[in-house]
Amino acid sequence: MRALGSMQPAAGGPRRTPDGRGFSYGLLGLSILALVGCASLALAAPNVYSDGSDGAFAPTAATTTIDLDLATTGSWNQPGNGNGVYDPAKWAVVFKYSSVNITTGKTVKFLNHRSGAPVVWLVQPGDITIAGTIDIAGSSGGLGGALANGGAGGFPGGKGYLSAANTGCAGLGPGGGGHTASAHGSAGYALAGVGTLPGRAYGNARILPLIGGSGGSGHPTYKSSGGGGGGAMLLACAGTVSISGTINGDGGSSGTDWNGGHGGSGGGIRIIANRVAGAAGGLSAQGGAGYGGVYAGSVGRIRVEANTIALTGSSGPDFTWLEPLDNDTAVLWPPDSAPRIRVVTVGTQPVPADALGQFNPPGDLLLVTTDPQPVVIQASNVPLAWPVTLRVTQRNGVSSTINATLVNGDEQSSTWQATLTGIPLNDFVVVQVRASEL
């Protein structure tokens, strides 16, 4: 993947990081990277596929909370009814507004969809004005053994140690901090986490696909839980996005028992528009703090794509940008040629296409044995030289990584297999597959 450098700002100008016209893809629950070239430049205002069916969004309450679980399940481009449309194939809850105006003193929050999916606002023909706050931050860890929620599109933090029967766990997500009886770590995203079992980096500068931050590990000997990962949100607007307020996609901080747990990583904020203007300082995807100032989560990612970018000041972290747009059709989703990988069976059981990967009943699969189980993995557009691994996270116990072996196929379509061992009795395990460039 192309190395990213920093650009020093002109006086009064924004701090931002260029990444040229090449970009790579990382997929949900994994970190799959591939270089893709962009098309020729055009300066037309983007078509963002909004029919305005969800109306004009202009909240009047001091705090407006949108329940994403009320979304209709269907195709992302079907008309909305005000509650959004959840598209399992895109893993996103999509709203199609005619305009958005969040005034000073107003805050918009979200209750997570049962899938944990990120939020997409498609706005056409009007503008997006953010003078208030959009809050997609991850929750902070506590001391009661509960998982700290990620923001919409982010992943939960791990539990801290409570007892010999409730030993805590790793953070969830592709960059979740690891967890054993003596090792632990903060969450990764744009960078790797820190600690003795830090979470891995994943994703790409363009935030394609849209994905948020991962959870920090709970502490293996103290009660502190890890922070949840910051959420992920795409704002795509045919007009102007004006920012004088805040989009908060920070990761959650750890709990505060003794030397504490580990911070969740910052989330993902992506903006596409004809023009983006205002204060870059209102864009934040910082990692959550670890207790005592150590074990903070990685920063997340911020991306701005527009024909004109007129942001001043610095976002946290620095945003990457594409200016001007490649064409007049906004690139919302990875193309069909992007790398993809998923677990298709565990033992003899098929995995649901929309597997949730959570510790909540009833789970995606029910195993009636603790014996080792074969795990079959299907990949497409993945080079055979890339290692394929399973990350296994027990709700009460260790996290581990298992290498998969190639069964058959080529780069266009291949089958891999791993063996899942150490399955706990009467408890949950989350399995996540990953393929990454060497």
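Taken together, the residues in region 412-432 that are more than 21 Å from residue 369 (Cβ to Cβ) and touching a Leu at 6+ places or on another chain (Cβ under 6 Å) amount to 1. Got a sec? Which of 344, 299 is at negative phi, outside the structural domain of residue 75 (by TED's automatic domain parsing) and among the β-branched types (Val, Ile, Thr)? Answer to the selection: 344. Candidates in region 336-349 are the residues that are in a loop (DSSP other than H, G, I, E, B) and in contact (Cβ under 8 Å) with a residue 40 or more places away in the chain; of these, the one that is surrounded by the fewest Cβ atoms within 10 Å (Cβ to Cβ) is 337. None of 132, 138, 126, 142 is out of contact with any helix residue (DSSP H, G or I) (no Cβ under 6 Å at 6 or more places or on another chain) and surrounded by 24 or more Cβ atoms within 10 Å (Cβ to Cβ) except 138.
Among the residues of this structure, residue 352 does not count as one that is in contact with an Asp or Glu (Cβ under 7 Å, 6 or more places away or on another chain), outside any strand (DSSP E or B) and surrounded by 14 or more Cβ atoms within 10 Å (Cβ to Cβ).
If you go through region 145-162, how many residues are touching a Gly at 6+ places or on another chain (Cβ under 9 Å) and either surrounded by fewer than 23 Cβ atoms within 10 Å (Cβ to Cβ) or among the polar types (S, T, N, Q) (or both)? Steps first, please.
Narrowing region 145-162 to residues touching a Gly at 6+ places or on another chain (Cβ under 9 Å): 145, 147-162.
Right, trim to either surrounded by fewer than 23 Cβ atoms within 10 Å (Cβ to Cβ) or among the polar types (S, T, N, Q) (or both) and you get 145, 149, 162.
Residues that pass the stated criteria total 3.
On the stretch given as region 100-109, residues that are surrounded by fewer than 21 Cβ atoms within 10 Å (Cβ to Cβ) and without any contact (Cβ under 8 Å) to a residue 60 or more places away in the chain total 6. Residue check: residue 1 meets all listed conditions (1) of a type outside the set (Phe, Trp, Tyr); (2) at pLDDT 50 or above; (3) in a loop (DSSP other than H, G, I, E, B) but one, namely (2).
Residue check: is residue 173 touching a Phe, Trp or Tyr at 6+ places or on another chain (Cβ under 7 Å) and under 24 Å from residue 319 (Cβ atoms)?
Spelling it out, residue 173 is indeed touching a Phe, Trp or Tyr at 6+ places or on another chain (Cβ under 7 Å) and under 24 Å from residue 319 (Cβ atoms).
Do you know which of the residues in region 214-232 that are of a type in the set (Ser, Thr, Tyr) and crowded, with 24+ Cβ neighbours inside 10 Å is modelled with the highest pLDDT?
The residue in question is 214.
Within region 352-372, residues that are assigned by TED's automatic domain parsing to the domain that holds residue 426 and within 23 Å of residue 148 (Cα to Cα) have Cβ atoms under 7 Å from residues that are in a loop (DSSP other than H, G, I, E, B) and β-branched (Val, Ile, Thr) in these pairs: 364/351, counting only partners at least 6 apart in sequence or on another chain. Residue check: is residue 296 among the aliphatic types (A, V, I, L, M), closer than 30 Å to residue 158 by Cα and within 22 Å of the chain's Cα centre (by Cα)? In short, yes. Taking region 249-265 as the range and being surrounded by fewer than 24 Cβ atoms within 10 Å (Cβ to Cβ) and either among the aromatic types (Phe, Trp, Tyr) or closer than 30 Å to residue 307 by Cα (or both) as the test, only 258 passes. The set of residues from region 372-411 being closer than 27 Å to residue 225 by Cβ and either touching a Leu at 6+ places or on another chain (Cβ under 9 Å) or part of a loop (DSSP other than H, G, I, E, B) (or both) comprises 390, 392, 393, 395, 396, 397, 398, 399, 400, 401, 402. In the set (1) within 22 Å of residue 357 (Cβ to Cβ); (2) in a strand (DSSP E or B); (3) more than 22 Å from the chain's Cα centre (by Cα), residue 426 fails one condition alone, (2). Among the residues of region 72-89, those that are outside any strand (DSSP E or B) and within 17 Å of residue 51 (Cβ to Cβ) comprise 74, 75, 76, 77, 78, 79, 80, 81, 82, 83, 84. Restricting attention to region 296-319 and to residues that are β-branched (Val, Ile, Thr) and buried (at least 23 other Cβ atoms within 10 Å of the Cβ), the residue that is nearest to residue 202 (Cα to Cα) turns out to be 299. Checking each residue in region 304-356 for being within 24 Å of the chain's Cα centre (by Cα) and closer than 30 Å to residue 421 by Cα picks out 339, 340, 341, 342, 343, 344, 351, 352, 353, 354, 355, 356. Before we move on, is residue 95 at pLDDT 95 or above and either assigned to a strand (DSSP E or B) or among the charged types (D, E, K, R) (or both)? In short, yes.
The values are calculated or read from the model by the stated rules, or taken from the named source; none is laboratory data. On a predicted model such as this, the values are computed, not experimentally measured, just so you know. FYI the Cβ positions are ideal-geometry reconstructions off the backbone, even for glycines, and counts take in every protein chain you see.
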